[in-house]
Amino acid sequence: MRYQRGGAAAVDGVDIDLAPGRGLVVTGGRGSGKSSLLRAVMGLAGPGGDTTVFGARPGTPAALRRIGWAPQAWPFTYGVRTGEAIGMVAALKGYGPEEAARAMDEAGFTAPAKFAPLLEIEEARQASLACALIGTPDLLVLDDPWEFTQTETAIRRALDRGAAVLVASSDPGGLPGILGVSITLKDGRRV
């Protein structure tokens, strides 16, 4: 996976096959390629690689509708109330406000009236998780999630219903015990 044509590979030689109902934690230090790997799965990365998600190229609308994604970075635009942003994600996935409210409740997010820049970091992580939980995704992708009780519960529920779960974290805590399998990256390669 490369961020631009001709550039150095951000992730190279990493093969994963994540079956339904299975989990994987990708660990490694800062700059190891964890988030880049998740971006490749989401179709947010540049050229390179031979990645498929549900038999399609990453980033296709059909694949994206089946994925719940919680990014590591600030996930919301400025000038929008966070609940409105979560509602927009629900609408883009074909759901109404009831589903957005359900996802916020499941994620433990209680500040939908706050504007994005006013969220505390814990609130931003919960709001990001709420976006990932909209609908019943077949693949839950969590970039550096916090080990909230709601996060662990959401992961367990996803696995129980047969969804795959892919998590990247430099400090995974108890997540490998929940997900069962972990790999470590260094300089974009599996160690």
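The values are calculated or read from the model by the stated rules, or taken from the named source; none is laboratory data. This is a predicted model, so every value here is computed, not measured. Glycine gets a Cβ as well: all are built from the backbone with ideal geometry, and neighbour counts include every protein chain shown.
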Taking Gly96 and the conditions (1) without any contact (Cβ under 8 Å) to a residue 40 or more places away in the chain; (2) under 17 Å from Arg65 (Cβ atoms); (3) surrounded by 15 or more Cβ atoms within 10 Å (Cβ to Cβ), which numbered condition does it fall short on, given that it satisfies the others? (3)
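When you scan region 104-115, how many residues do you find that are in a helix (DSSP H, G or I) and either in contact with a strand residue (DSSP E or B) (Cβ under 8 Å, 6 or more places away or on another chain) or in contact (Cβ under 8 Å) with a residue 40 or more places away in the chain (or both)?
Taking region 104-115 first, the residues in a helix (DSSP H, G or I) are 104-107.
Then drop every residue that is not either in contact with a strand residue (DSSP E or B) (Cβ under 8 Å, 6 or more places away or on another chain) or in contact (Cβ under 8 Å) with a residue 40 or more places away in the chain (or both), which leaves 106-107.
Count: 2.
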Qualifying positions in region 132-143 - touching a Gly at 6+ places or on another chain (Cβ under 8 Å), within 20 Å of Leu37 (Cβ to Cβ) and of a type in the set (A, V, I, L, M, F, W, C): Ala132, Leu139, Leu140, Val141
If we scan region 99-114, do we find a residue that is surrounded by 13 or more Cβ atoms within 10 Å (Cβ to Cβ), more than 27 Å from Ala10 (Cβ to Cβ) and within 15 Å of the chain's Cα centre (by Cα)? yes
Failed condition for Leu142, given (1) surrounded by 24 or more Cβ atoms within 10 Å (Cβ to Cβ); (2) modelled with pLDDT under 95; (3) of a type outside the set (Asp, Glu), with all others met? (2)
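Residue by residue, here is whether (1) within 21 Å of Ala164 (Cα to Cα); (2) in contact with a Ser or Thr (Cβ under 8 Å, 6 or more places away or on another chain) holds:
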{"position": "Ala91", "(1), (2)": "no, no"}
{"position": "Gly96", "(1), (2)": "no, no"}
{"position": "Ala101", "(1), (2)": "no, no"}
{"position": "Glu106", "(1), (2)": "yes, yes"}
{"position": "Lys114", "(1), (2)": "no, yes"}
{"position": "Leu118", "(1), (2)": "no, no"}
{"position": "Ile121", "(1), (2)": "no, no"}
{"position": "Leu129", "(1), (2)": "yes, yes"}
{"position": "Ala132", "(1), (2)": "yes, no"}
Kindly indicate which of Ala85, Ala101 is of a type in the set (A, V, I, L, M), under 20 Å from Thr153 (Cβ atoms) and in a helix (DSSP H, G or I). Ala101
Test each condition in (1) part of a loop (DSSP other than H, G, I, E, B); (2) farther than 22 Å from Gly96 by Cα; (3) at pLDDT 95 or above for Val165 and report the one that comes out false. (1)
I need every pair where a residue in region 16-32 that is more than 13 Å from Gly180 (Cα to Cα) has its Cβ under 7 Å from the Cβ of a residue that is part of a loop (DSSP other than H, G, I, E, B) and among the hydrophobic types (A, V, I, L, M, F, W, C), sequence separation at least 6 or different chains. Pro20/Ala163
Just wondering, is there one or more residues in region 53-72 that are in contact with a strand residue (DSSP E or B) (Cβ under 9 Å, 6 or more places away or on another chain), surrounded by fewer than 18 Cβ atoms within 10 Å (Cβ to Cβ), part of a loop (DSSP other than H, G, I, E, B) and of a type in the set (A, V, I, L, M)? no
Result of the Cβ filter at 8 Å on region 122-136, keeping first residues that are at negative phi and at pLDDT below 95 and partners that are of a type in the set (D, E, K, R) and in a loop (DSSP other than H, G, I, E, B), at least 6 apart or interchain, is Glu123/Lys114; Thr136/Arg161
Run down Leu179, Leu118, Leu185 and say which single residue is in contact (Cβ under 8 Å) with a residue 60 or more places away in the chain and farther than 30 Å from Gly7 by Cα. Leu179
For Thr153, the lone unmet condition from (1) within 25 Å of Gly59 (Cα to Cα); (2) out of contact with any strand residue (DSSP E or B) (no Cβ under 9 Å at 6 or more places or on another chain); (3) not in a loop (DSSP other than H, G, I, E, B) is (1)
Can you tell me which of Ala40, Ala45, Ala56 is at pLDDT 85 or above and under 14 Å from Val14 (Cβ atoms)? Ala40
